[in-house]
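Following: one structure in structure tokens, then a few remarks.
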Ligand code: BGC
């Protein structure tokens, strides 16, 4: 059980801390004069992280987001997964990657100030998924304030994979209120609507003119209480946006900014979708950094990934990984301060 806090640092004073447990981002310390502001929701101690909100800061897998009814078929064979979200499997199941201790080693990576390689082996049948899966991640930080997450996976059997990074951001600093004054821009013209169990209906609908249209920057407080049915049904945003980009190509996905602090995060990715989630499951009962409770809308998760339930949705990008192929996706968070 490795409880070390690993640190990525650059010459501008940006520091990103993470743990072996869940590959969880513990803190993102952005310079602010002689001090710093931590913009990643989380906990003060390693113990609290291990026992706290399962996905906060974690790498989620084997299949991030929801799988309808906890099952899918590959070549006619049905696989039954462990369920943890009503009738669904969420983020890989109850003992998904968020609960695992990753092997961590420092590496040198050209163009980056500090970098680590994280490795995880997931055995055939774990949580019901087929194939022995070997996952390797690189966390690397450069002087352009870009935090790269490079994710690779290989399986010895045909399987399904969708891996993402799940930090919650508050650019005013954790515990500094809600994200209402944050502006969100997403490079998307379409989204995948969902049913009452948050499972995609399979449609891909245009966003233009709706309150989920973030193609130009939108103040979150102006839309979070919208009467637009998809937002109203969830009391906020928890939707998958279809990124307006070519498959597998690294491109701009979204920009989150907060004008009073002057801070921003841009997300670039090779992934086809972006789940934006405005933290509606926090109800004040759980306490985070500085003893401050997590409330509705105290942070926003922006998760670059494949569309939800892709293993059951024939018209979504495929989540199938063939033996001898390599799953390889990248996410870059670029911090502005
Ligand atoms: C999902 C939410 C879920 C949350 C749990 C997000 O990725 O979109 O529906 O409640 O993860 O941490």
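The values are calculated or read from the model by the stated rules, or taken from the named source; none is laboratory data. The model shown is predicted, which means the values in this text are computed figures rather than measured ones. Note that we place each Cβ from the backbone using ideal geometry, even for glycine, and neighbour counts take in every protein chain shown.
Assorted remarks:
- Flag for residue 95 being surrounded by 22 or more Cβ atoms within 10 Å (Cβ to Cβ), within 16 Å of the ligand (Cβ to nearest atom), in contact (Cβ under 8 Å) with a residue 12 or more places away in the chain and under 29 Å from residue 69 (Cα atoms): no
- All positions within region 180-199 that are in a loop (DSSP other than H, G, I, E, B), within 17 Å of the chain's Cα centre (by Cα) and closer than 30 Å to residue 36 by Cα: 187
- Among residues of region 54-65 that are within 14 Å of residue 277 (Cα to Cα), those with a beta-carbon under 7 Å from a residue that is within 11 Å of the ligand (Cβ to nearest atom) and part of a strand (DSSP E or B) at least six positions away or on a different chain give the pairs 56/168; 64/164; 64/303; 64/305; 65/275; 65/305.
- Residues located in region 42-58, provided they are within 12 Å of the ligand (Cβ to nearest atom) and in contact with a helix residue (DSSP H, G or I) (Cβ under 9 Å, 6 or more places away or on another chain): 54, 55, 56, 57, 58
- Flag for residue 39 being under 30 Å from residue 193 (Cα atoms), surrounded by 17 or more Cβ atoms within 10 Å (Cβ to Cβ) and more than 16 Å from the ligand (Cβ to nearest atom): yes
- Put simply, of 277, 268 the only residue that is under 19 Å from the mean Cα position of the chain (by Cα), at negative phi and either away from the ligand (no atom under 14 Å from the Cβ) or surrounded by 24 or more Cβ atoms within 10 Å (Cβ to Cβ) (or both) is 268.
One line per residue, one yes/no per condition, for (1) in contact with a strand residue (DSSP E or B) (Cβ under 9 Å, 6 or more places away or on another chain); (2) part of a loop (DSSP other than H, G, I, E, B); (3) within 15 Å of the ligand (Cβ to nearest atom):
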position	(1), (2), (3)
214	yes, yes, no
225	no, yes, no
240	yes, no, yes
249	no, yes, no
255	yes, no, no
264	yes, no, no
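- Whichever residue in region 64-85 is in a strand (DSSP E or B) and within 14 Å of the ligand (Cβ to nearest atom) and, among such residues, is surrounded by the most Cβ atoms within 10 Å (Cβ to Cβ): 67
- Residue 54 vs. criteria under 24 Å from residue 92 (Cα atoms) and in a strand (DSSP E or B): no
- Residue among 175, 202 that alone is touching a helix residue (DSSP H, G or I) at 6+ places or on another chain (Cβ under 6 Å), on the phi > 0 side of the Ramachandran plot, in a loop (DSSP other than H, G, I, E, B) and surrounded by fewer than 23 Cβ atoms within 10 Å (Cβ to Cβ): 175
- Any hit, region 320-328, residues being within 16 Å of the ligand (Cβ to nearest atom) and either at pLDDT below 95 or touching a strand residue (DSSP E or B) at 6+ places or on another chain (Cβ under 9 Å) (or both): no
- So residue 215, is it surrounded by fewer than 20 Cβ atoms within 10 Å (Cβ to Cβ) and in contact with a helix residue (DSSP H, G or I) (Cβ under 9 Å, 6 or more places away or on another chain): no
- Residue 209 being more than 16 Å from the ligand (Cβ to nearest atom), over 21 Å from the mean Cα position of the chain (by Cα) and in a helix (DSSP H, G or I): no
- Some residue of region 11-30 being away from the ligand (no atom under 13 Å from the Cβ), at pLDDT below 95 and on the phi > 0 side of the Ramachandran plot: no
- Members of region 281-298 found to be exposed (fewer than 15 other Cβ atoms within 10 Å of the Cβ), touching a strand residue (DSSP E or B) at 6+ places or on another chain (Cβ under 8 Å) and assigned to a loop (DSSP other than H, G, I, E, B), listed by number: 284, 285
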